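What follows is a short report on a single structure.
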Amino acid sequence: MSSSLRNPLVRPPTLLATLGLAFGTGLFAATLHFRQSGAHASAPRVVLVLVAYFLACAAVVIAARLATTRPDAALGAHVRTGVAAALVLGFTLLDLLHFQLFKRHIDAAALHLGWQAVRSKSIAVGLPDLLAALLALCVLGLLAALAHAALSRFGAGSRSEQLARAISGFTLVLGLLGGLLRERLWDEDHVEAARLARALPFASNADARGAELSERGFGGELDAAVFAELGRARAALGTASLSARTRPDLLIVHVESLRGDMVVPELMPGLVALGKECHTPQRHYATGNNTGSAVFGLVSGLNGFQYPAARKQRATALPLVVLKRLGYRVFTHFANNLRTYDDVFEVVFAGGVDQSFVPADGPSEQMDRAVVQHYLGSLGEGTGPRFDYLVLDSTHYDYAYPPEYEKHVPSGTLALGLRDGFIEDAEVAARAKERAQLVKNRYLNAVGWVDAQLSELVAELKAKNRWASTLVVIVGDHGEAFWEHGSFGHGMGLEEEQIRVASMFCGVGPLAAEVSSHADVFPTWFAHMGLSGVPGPFMNGRSLLERRPEAEVAVSAMGITGAFSSRRFVAVGSGLKLHFDNSPRLPIVSATDLDDRALGQVPDDAERVLAQALATKLLRSPAP
């Protein structure tokens, strides 16, 4: 066998050029990756990740250079190395954009999230964007190939060849290991990773206030102790003799991004009319400002203090365990990707669902109608009580509705595309904010469409004689901001427009509590049903059928996406909103009134409200 077949690196100048271009590509890629992060280069962790990324990029270029078993032509070496360098830079740009949008680096789950965003048009990727990206990659590849050809003209002796081979092999091994370990080296909870999360105005989990985040100090010993107690409650519920005075059908209608101020006659006449026979809390708050945290609160009866631990130790939400013991069947009907999004389904429902329905992919308004029809059509199937969790998605960005619901005009989307991920943040935010009224009008049109779907659902339940035997909660999962406090969407802050949501309780008696949260839904239902035989408490929420002034507080949290966590919480009670960190010292960060107007100083009543909020960490009985 010839030496060229045994080792394709037969030209020391070409090899040295490959090494130089590989390291240059890695350095440039790492620099691009941190361009918008605001991270300090002196931070040891940032340097460690930069080196790992640098070596991984070099490994890709070197591996591509070695990827042949035939005698190598100089032109082939130049082209192959140039293509590899262009692909590395392309992946880096895509990874940076994906992290800006979803707070996680590209992996199998992240690719799925990205596809869902493109499919739902949350990210506008048109043909011009794709052509521009392809052209840019071709130009980068050509430049890299020309650079490689120019560098390879410099001669090198045999000693240089041996040294280059040793360095290339060493770099290849270290780089591949660095690529595999990159996620572990840079934990998503770390403050430097959090800085990268503040890139686009509609980022799903950005920390707009810039509060310090860390994987250390989240919560305290009490949170861990309560979660351990939940494990013991799970074991006890598995053998308890449970019973209920009544076993009505249960229905949660989760409406994406439905703010609390949307239930007015001019926007939602159907829901306003329904309010005459149902009951609406004065102020209802989501347990978190994104979908995962909100669904967790609605189904588990727990608030955001326990969500990070629940994501690591997945098990069926305990209210569902109770329902199963009572003979309930459990069904979900999703007009969106909640079945696969961010592991929420596995964290909350985890094996407790008898049937999960997701309609054929299509526009959100069509998928909403499909889930309503599927739910109504399934009511005659089987016997015994049932719990249904139904999601309507039209009011999620980019908002959807049939043409005849175009009543608020002019309307439009953010009109941001793939290329906007690579320009300055301030410019992106300014461009988006200019379209604020257009975007809000589109949202209002979608609200009107959802109101029509809710009205049809209620009318059909009544026509089928199911309304009187069904307890129904219609609720927004979280709110939606339209730059009232400098941001758009949700997941950005804990102001009223992001955490105060529309809610309506039908089938239960008058609500005595003035302030409520998602965590109170199942406690209220179980109290109404007369649940008994429960061996101990297993929820944080409280029944809204009884007035308890000492417990009149709601707690909402910054949402969690992927492995990204925040310690930021807000307590609402006694006319105050207290922003605090869920850290061992539990500091009060700021105080506002219920309309988010800053108070000059922290009121004397603040400590009492905070104490009430912290008491919601403790488990409560499911009935008053």
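The values are calculated or read from the model by the stated rules, or taken from the named source; none is laboratory data. As the structure is a prediction and not an experimental result, all values here were calculated from the model. Backbone-built Cβ (ideal geometry, glycine too); neighbour counts: all protein chains shown. For accessibility, only protein heavy atoms count, side chains too; no ligands or nucleic acids. Shrake-Rupley method; radii C 1.70, N 1.55, O 1.52, S 1.80 Å.
Of note:
- The accessible-area ordering, largest first, of the residues Glu277, Glu497, Glu460 stands as Glu277, Glu460, Glu497, per a 1.4 angstrom probe.
- Packing around the peptides 522-534, 603-615, taken as the average count of other Cβ atoms within 10 Å per residue, puts them in this order, highest first: 522-534, 603-615.
- Estimated FRET transfer efficiency (Ala236, Arg597; beta-carbon r; R0 35 Å; 0.05): 0.15
- Charge dipole (the stretch 263-376, unit charges on Cβ, about Cα centre) - positive-most of Ala317, Asn290, Gln373: Ala317
- When only the Cβ of Lys, Arg, Asp and Glu is charged (+1, +1, -1, -1), the dipole of the stretch 310-358 relative to its Cα centre reaches about 180 debye.
- Reciprocal of mean inverse Cα separation for the stretch 337-422 (Kirkwood radius, Å): 15.9
- When the surface is traced with a 1.4 Å probe over the full set of protein chains, Lys324 keeps roughly 80 Å² accessible.
- Largest to smallest in accessible area, the residues His408, His78 fall in the order His408, His78 (1.4 Å probe, all protein chains included).
- Heavy-atom accessible surface of Trp467, to the nearest 10 Å², is about 40 Å², with a 1.4 Å probe and all protein chains retained.
- When only the Cβ of Lys, Arg, Asp and Glu is charged (+1, +1, -1, -1), the dipole of the stretch 423-582 relative to its Cα centre reaches about 400 debye.
- Volume per residue for the stretch 533-602 equals 167 cubic angstrom (convex hull of Cα atoms).
- Charge dipole magnitude, Cβ of K and R +1, D and E -1 - the stretch 533-624, Cα centre, debye nearest 20: 340
- Most to least accessible of Tyr397, Tyr405 (protein chains only, probe 1.4 Å): Tyr405, Tyr397
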